[in-house]
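Chemist: Below is one structure. I have some questions about it.
The values are calculated or read from the model by the stated rules, or taken from the named source; none is laboratory data. This structure is a prediction, so every number in the text was calculated from the model and none was measured. Quick reminder, even Gly has a Cβ in these numbers, built from the backbone with ideal geometry, and neighbours come from all protein chains shown. With ligands, DNA and RNA removed, areas are computed over all heavy atoms of the protein, side chains included. Shrake-Rupley method; radii C 1.70, N 1.55, O 1.52, S 1.80 Å.
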Amino acid sequence: MVDLRNRSNLKERKPAGDFSSRRRFVLVFMMSCMIILVARAVDLQVISKKYLKDQGDMRHVDEVSVSAYRGMITDRTGAPLAISSPVQTVSVSPKQLNAIDKNQLKALEKKLRKSQQGHALTGVQKAEVLAVYEKDKVLKVKQMLKILGLPASEANKLLNKTSKFAYLAQRINPIIADQVKALELPGVNVEQGFKRFYPTGEVSGHLIGFTDVNDVGQEGLERSYENFLKGLSGSKRVIRDGQRQVIADIENIKEPVAGKTLELSIDQRIQYLAYRELQTAVETHKAKSGSIVVLDAKSGEVLAAANQPSFNPNTKTNLKENLYRNRAITNIFEPGSTVKPFVVAAAMDGGYIRPNELFETHGIFPIGTHMVRDVHNYGTLDATGVLKKSSNVGVAKMALKMPPEYFWDTYHKLGFGVSPGSGFPSEASGSLLDHRRWRDFDRATMSFGYGLSVSALQLARSYTALADDGILHSISLLKRDEDIDSKRVFTAKTAKKVRAMLETVISKDGTAYEARVDGYRVAGKTGTVKKAGSGGYSEKTYFAVFAGMAPASHPRLIIVVMIDEPSAGDYYGGLVSAPVFSKVMAGALRIMEVAPDEEHTMPILLTKKGVIRPHAAE
Amino acid sequence: MKTPHKSQFHFDTTLVLICLALLTIGYIMVVSSSLHLGLEMSGSVFSYPLKQLAHICIGVCVGAWLATIPMHKWETAGPWLFIAGLFLLVIVLIPGLGVKVNGSVRWLSLGGLRIQVSEIVKIFAVVYIAGYVTRHQESVRVSAYGIVKPLALFALACVLLLLEPDFGSSVVIIVIAMGVMFLGGARLSQFVILLSFLATLAALLVYFAPYRMQRITSFRDPWADPLNSGFQLVQALISFGRGEWLGVGLGNGIQKLFYLPEAHTDFLFSVIAEELGLLGVVVVIGLFAMLVWRIFKIAEAAEKAGQVFSALMAYGLGIWFGFQAFVNMGVNMGILPTKGLTLPFMSYGGGSMISMCCAIALLFRIYSEVYEISANTPKERSRWVNA
């Protein structure tokens, strides 16, 4: 400044009462203060900056997780049973929505000004423009509600709110969200996410289960294989403002790793067929519930497992435990007569009965104070006859010939009372009383399937021992090439013999003629089980069960059908469950392209050239 | 600008440039630190910038009008103005008239414009004390009574200010009064006694109002309680650290985004520190130093020209600007306890901006009058004004 140069001149002229030294003191003092400020600024912005910046980062920088794509669940052919697809969530800030967007308003005013050759707008015109703007907004809000399928009455509520956040629609189709976006309403935001879709809906709902809003498996295989499916969520570093809103991404710390695809042993075509036939049967017979399990007899893979009643995992409305329980795996019942073939096989294998030994049944057989009864008096029967007629007395007599330990051991080996190891959540193990506590009558009732309990899956599994020439297979819900955990329970010879006996069950005078499949030999056993209630066994309520396999010459498939309390008249396993078996088996064999082994019952196809038999070349 | 009886108004170009620089930097920073807040509070980013622009315009207009009033009129009006100031301080305390913000009743609402009464009182205080010392030069220089008499009136104003409560402004007017009396020639021994008396008084005030104590302890170690009493200061210090040498860039600051409270008003300096860095901070401190320096030069010239009242007015205003700016920046950097004082010419706020413009207008007037006198005495002219 210029003044500084003249300072010496000023000093010369010192009037009385001059306090220029005081002035200089004050000025120097104030300048010193300013220098202190600069020093402090250097201290903060240069010397302590590291500490202060770290303190700042502690407050601003945050890690947020980036959700990983959940793995797909497919059937054995690769058809999707559960897929995560991108969805969007629409939220709104009513406060922002209701604030007037001045830019938009100005644009409208400008447009009007142009239309009247640039003349300034009058107050009335401005008010009109504002009214048009407001009206347009209300219209757009109503349009948005319509797109989202919300009631139009919401519009007034929304337009009068001052809150800062509300969800309008969660996890919706991106196409719908894009339509909302196109309206360009202020304060309306669209966010990306994933939603689980189940293309087969209720058909495989019980097996697949479902996830919750956070995409965590809650039921079924979604729950069992949670860790396999969920993948690894990634994370990124972001900056948040004082209201904890993310204002910028800094870097990716970890890329999300997508979950793996889970390939099930299920064949969706068979699953669908099984579901449909079971549903029809449960409806026709006015039953309480029903289950069906289809197994690959050679590998132990579950090809289908369906239940009634069912639920749709996509909507999950009115979801009760009763609906989403996978009864085929988690519910147990007394297997009744379906276990009789095992008693015959065990007795033959252990040499407790001779090949052609005859049993006098008389329809009634006293053991101690108890009575074993047959439905009719079948007279004298051989082993085949016992199975064909399903004689309780016959198997009871065989059972009593075997030592309890040996008998128990066979059942135990067949997997009764043991977890089937499917990996399904809350899978049932059933129950099998220890043989040391068996009395004679217990041994007898065990032989015709009372006093022990199994799940449909366990029963189907035990039948692999008959189907695969004495070898019991382990169960798998996942696709696999071979069963590495199989074990022999019966000799091949015995298994084949019992299978031949079981073929007679499907004959015209057997108990399950309805189970026959044209073109194939079928072996199976019915079970009509009295339900146990609080006051003992009921005479009115039954489980109608059928377990069987085909083709009987070289069984490829095992099907167990269990229908709980058919109440429309018929209740015999041979009448209620066997037809379901027949239809599903026929379809499944065709799907699996299994060659027929009984050509004389094959349906005849008519062609132009005349009558030919299909598969004649095979 | 023409005045009725003077042919020309002489502008002090240096002062104009300093003020323009402060106003411009301040306005840009207010815009930068209030955009998000405007959106939050009223749904428009322009809400605060437009209001602040209005404050500046009103300030310039009122200032232009004040600059036409000759200094001798101010001298005679001094006591009345001070009484008017006291009156305003009483009015603001009447329930229903004063506007309460953050627990303090400091504002009067005038047609949508909110005026902080203490800002007006500060100007009136300068006018009054300058006039008093001019009129009672002898008694101020020799008797204790000469000092105590005006201070009693100031004490009254202080009590009213403390009732709002506005501790910062009461400190400012006491400092102005003391400074003007010191430069007006009051005896040093009396000053020592007076200062110790004031120190005791200040200690008592702090003792009886715990929130002041809290403010004082929090400024000494804000990191001890960074979530409550130390919150604001911690956020301010972080702003400085983040700024480093050249800052994070205009508009790129994070601290202003709902971390640092009062970022656009009392803590604007922290936003400058974060966005413009040490460079910006030093420039602003330098501008305030130049402002004080220039005002003291004007005062000195007035003194040489025999304009005692004008000189004391200039001293008073210089001390005000310097002290308030120093305290505000010191608070921002954690070397002084939080006072609630704005940064002159920069912080957002109607009352502050308008009263600062008025004060600067008075300084322009003083310069113009002194220039006129110097011009009429040819020998003097080259001595102090070359521009």
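Chemist: Treating the angle as unsigned and between 0 and 90°, give the value, to the nearest 10°, between the Cα long axis of helix B:268-304 and the longest Cα principal axis of chain B.
Modeler: Helix B:268-304 sits roughly 10 degrees off the main axis of chain B.
Chemist: From other protein chains only, count the Cβ atoms within 10 Å of every residue's Cβ in A:52-62, then give the mean.
Modeler: Working: counts 9, 5, 2, 8, 11, 3, 2, 7, 6, 1, 0.
Averaged over the peptide's residues, the number is 5.
Chemist: Using the alpha-carbon atoms, what tilt in degrees (0 to 90, nearest 10) does helix A:492-503 show relative to the longest principal axis of chain A?
Modeler: Roughly 80 degrees, rounded to the nearest 10.
Chemist: A further question on this structure: With every protein chain left in place, what is the accessible area per residue of the protein assembly as shown in square angstrom, probe 1.4 Å?
Modeler: Values: 44560 Å² over 1005 residues.
Result: 44 Å² per residue.
Chemist: Let me ask another. Using per-residue counts of other Cβ atoms within 10 Å, averaged over each peptide, order B:20-30, A:340-350 from highest down. Please list the in-between numbers first.
Modeler: Details: B:20-30: 19.5, A:340-350: 24.6.
Descending packing order for the listed peptides: A:340-350, B:20-30.
Chemist: Just counting partner chain Cβ atoms within 10 Å, what average do the residues of peptide B:327-334 show around their Cβ? Please list the in-between numbers first.
Modeler: Numbers: counts 1, 0, 7, 4, 0, 4, 8, 3.
Whole-number average of other-chain Cβ neighbours for B:327-334 is 3.
Chemist: Here's something else I'd like to know. Between residue A:65 and residue A:50, what is the label-to-label distance in nm when each label sits 7 Å out along the Cα-to-Cβ direction?
Modeler: About 3.4 nm separates the two model spin labels.
Chemist: Sticking with this one: Under a cut-off of 20 Å between alpha-carbon atoms, report the lysines in cross-link reach of residue A:157, not counting same-chain residues fewer than 8 places apart.
Modeler: A:95, A:135, A:137, A:140, A:142, A:146
Chemist: Å³ per residue of the Cα convex hull, for the range B:70-156?
Modeler: Spread over its residues, the Cα hull of the range B:70-156 gives 102 Å³ apiece.
Chemist: Measure up B:100/B:122; A:106/A:181; A:316/A:583; A:195/A:230; A:230/A:254; A:496/A:525 against 18 Å on the Cα-Cα distance and list the ones that go over. Write down the numbers at each step before the final one.
Modeler: Working: B:100/B:122 20 Å; A:106/A:181 22 Å; A:316/A:583 30 Å; A:195/A:230 13 Å; A:230/A:254 16 Å; A:496/A:525 15 Å.
The pairs that break the limit, which is 18 Å between Cα atoms, are B:100/B:122; A:106/A:181; A:316/A:583.
Chemist: Take every residue in peptide A:308-315, count the Cβ atoms of other chains within 10 Å of its Cβ, and give the average of those counts. Present the calculation step by step, with values, prior to reporting the outcome.
Modeler: Details: counts 0, 0, 0, 0, 0, 0, 0, 0.
For peptide A:308-315, the averaged partner shielding equals 0.
Chemist: Quick one: which residues, 5 or more positions from residue A:359 or on another chain, have an amide H under 5 Å from its amide H? H modelled 1.01 Å from N in the peptide plane, none for Pro or chain starts.
Modeler: It is A:381, A:382, by chain and number.
Chemist: Could you list, in their original order, any pairs among A:389/A:497; A:260/A:320; A:388/A:413; A:110/A:161 whose Cα atoms are separated by more than 23 Å?
Modeler: Details: A:389/A:497 17 Å; A:260/A:320 30 Å; A:388/A:413 25 Å; A:110/A:161 30 Å.
Distance filter (> 23 Å) returns A:260/A:320; A:388/A:413; A:110/A:161.
Chemist: Each residue of the range A:112-118 in turn: what ³J(HN,Hα) in whole Hz from Karplus with 6.51, -1.76, 1.60 and θ = phi - 60°, glycine and Pro shown as x?
Modeler: Using θ = phi - 60°, the values come out as 5, 4, 5, 5, 10, 6, x Hz.
Chemist: Separate question: Say the dipole of the protein assembly as shown comes from +1 at the beta carbon of Lys and Arg and -1 at that of Asp and Glu; which of A:577, A:537, B:23 then lies farthest toward its positive end?
Modeler: It is B:23, whose Cα lies furthest towards the positive end.
Chemist: Quick one: the Cα spread of the range B:90-202 along its three principal axes, in angstroms, biggest first?
Modeler: In descending order, the Cα extents are 47, 29, 18 Å.
Chemist: Given H placed 1.01 Å from N in the peptide plane, which residues other than close sequence neighbours of residue A:169 have an amide H under 5 Å from its amide H?
Modeler: A:90
Chemist: D for the range A:21-70, whole µm²/s, Stokes-Einstein with Kirkwood Rh over alpha-carbon pairs at 10 °C and 1.306 mPa s: what number?
Modeler: Details: Rh = 14.6 Å.
My calculation gives 109 µm²/s for D.
Chemist: Give the aspartates and glutamates whose C-alpha is closer than 15 Å to that of residue B:304, dropping any in the same chain fewer than 8 places away, or say none.
Modeler: Result set, ordered by chain and number: A:3, A:12, A:18, B:369, B:372, B:380.
Chemist: Please list the radius of gyration and Dmax for the range A:267-325, considering alpha-carbon atoms only, with Å as the unit.
Modeler: Considering the range A:267-325 through its Cα atoms, Rg and Dmax are 12.6, 40 Å.
Chemist: With a 10 Å radius around each residue's Cβ, average the other Cβ atoms per peptide and rank B:335-344, B:260-269, A:279-288, highest first.
Modeler: On the way: B:335-344: 22.7, B:260-269: 24.6, A:279-288: 18.4.
Descending packing order for the listed peptides: B:260-269, B:335-344, A:279-288.
Chemist: Pick out, in residue order, every one of the chymotrypsin sites (Phe, Trp or Tyr not before Pro) in the range A:158-220 that is DSSP loop and has at most 10 other C-beta atoms within 10 Å; say none if there are none.
Modeler: Values: sites: A:165, A:167, A:194, A:197, A:210; in loops: A:165, A:210.
Taking the range A:158-220 and a limit of 10 other Cβ atoms within 10 Å, no loop chymotrypsin sites (Phe, Trp or Tyr not before Pro) are found.
Chemist: While we're here: Run the accessible area of the range B:184-342 with a 1.4 Å probe and give the carbon-and-sulfur part as a rounded percent.
Modeler: Details: 3840 of 5560 Å².
Answer for the range B:184-342 is 69 percent, counting heavy atoms of protein chains only.
Chemist: At a probe radius of 1.4 Å, figure out the A/B buried accessible area, summed over both chains, and give it in Å² to the nearest 100. All intermediate terms of the calculation are to be shown ahead of the outcome.
Modeler: Numbers: alone 32330 and 17400 Å², together 44560 Å².
Using a 1.4 Å probe, the pair buries roughly 5200 Å².
Chemist: Same structure again: Rounded, prolate or oblate: which fits the range B:1-144 when a ≥ b ≥ c are the square roots of the eigenvalues of the alpha-carbon gyration tensor, with rounded for a/c under 1.5 and prolate only if a/b beats b/c? Don't skip to the answer; put the middle values down first.
Modeler: Details: a/c = 2.32, a/b = 1.36, b/c = 1.70.
Oblate shape, in that a/c is at least 1.5 and b/c is the bigger or equal ratio.
Chemist: Right, another one. Helix-only estimate, please: 222 nm mean residue ellipticity of chain B, summing -39500 (n - 2.57) across DSSP H runs of length 4 or more and dividing by its residues, to the nearest 500. Kindly include the intermediate steps, with their values, before the conclusion.
Modeler: Working: 14 runs with 277 residues, N = 387.
Using -39500 (n - 2.57) per qualifying helix, the result is -24500 deg cm²/dmol.
Chemist: Let me ask another. Against the longest alpha carbon principal axis of chain A, how many degrees, from 0 to 90 and to the nearest 10, is the axis of helix A:392-401 turned?
Modeler: Helix A:392-401 and the main axis of chain A meet at about 90 degrees.
Chemist: Amide H of residue A:234: which non-local residues (sequence gap of 5 or more, or other chain) have their own amide H closer than 5 Å, using H built in the peptide plane?
Modeler: A:66, A:68, A:257
Chemist: Give the Rg (one decimal place) followed by the Dmax (whole number) of the range A:63-263, computed from C-alpha coordinates and expressed in Å.
Modeler: In Å, with Rg to one decimal and Dmax whole: 22.9, 74.
Chemist: Check cross-link reach from residue A:508 to the aspartates and glutamates: straight Cα distance under 15 Å, and skip same-chain residues fewer than eight apart.
Modeler: The reachable aspartates and glutamates, counting only those whose Cα sits under 15 Å from residue A:508, are A:518.
Chemist: Right, something else. Place a +1 charge on the Cβ of each Lys and Arg in the range B:13-385 and a -1 charge on the Cβ of each Asp and Glu, then give the dipole magnitude about the Cα centre in debye, rounded to the nearest 20.
Modeler: 640
Chemist: To two decimal places, what compactness ratio does the range B:13-385 give when its Cα radius of gyration is scaled by 2.2 N^0.38 Å?
Modeler: Details: Rg = 20.6 Å, N = 373, 2.2 N^0.38 = 20.9 Å.
Taking N as the residue count of the range B:13-385, the ratio is 0.99.
Chemist: Compute from the Cα atoms of the protein assembly as shown the Rg and the Dmax, the latter being the longest Cα-Cα distance, and quote both in angstrom.
Modeler: Calculated on Cα positions, Rg and Dmax stand at 48.4, 153 Å.
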